[in-house]
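As structure tokens, the structure follows; a few thoughts come after it.
The values are calculated or read from the model by the stated rules, or taken from the named source; none is laboratory data. This is a predicted model, so every value here is computed, not measured. All Cβ positions, glycine included, derive from the backbone under ideal geometry; neighbour counts span all protein chains shown. Protein only, heavy atoms only, side chains kept; ligands, DNA and RNA dropped before computing areas. Shrake-Rupley method; radii C 1.70, N 1.55, O 1.52, S 1.80 Å.
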Amino acid sequence: MSGSEQGQRGVPVDHKHQIPRLRRVEGQVRGVQQMIETERYCVDIAHQIDAVIAALRRIQGDMIRDHMTALIQASIAGELVEAERQRLADEICSLVSRVV
């Protein structure tokens, strides 16, 4: 079982394409830190924080979409037993209720 399969409990999803986006967010956070250190205008800092949050939300949304797509494909292909389909559906519902 690969790392992504283990992390997805049997539904493989490759999220490695998110790494460059996360590195950009990391740079944005360092930029916010620098803005605070150089005592930039609070409203400008707040706008940059909004940009970081929005970027993370986009990554989160893409990861949830990829996870749901993999689950649907595995269900259609008959690769999951009913109990596993139900457990993963419950997991997705719980996740969506937290982020919406």
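Just one of (1) charged (D, E, K, R); (2) in a helix (DSSP H, G or I); (3) at positive phi fails for residue 65. It is (3). Could you list, ordered by first residue, the pairs with Cβ atoms under 7 Å in which the first is in the stretch 48-77 and within 30 Å of residue 33 (Cβ to Cβ) and the second is in a helix (DSSP H, G or I) and β-branched (Val, Ile, Thr), at least 6 apart or interchain? Pairs found: 48/32; 49/32; 52/25; 52/29; 52/32; 55/25; 56/25; 60/99. For residue 40, the criteria (1) open to solvent by less than 50 Å² (accessible area, probe 1.4 Å); (2) of a type in the set (D, E, K, R); (3) part of a loop (DSSP other than H, G, I, E, B) hold in every case but one, which is (1).
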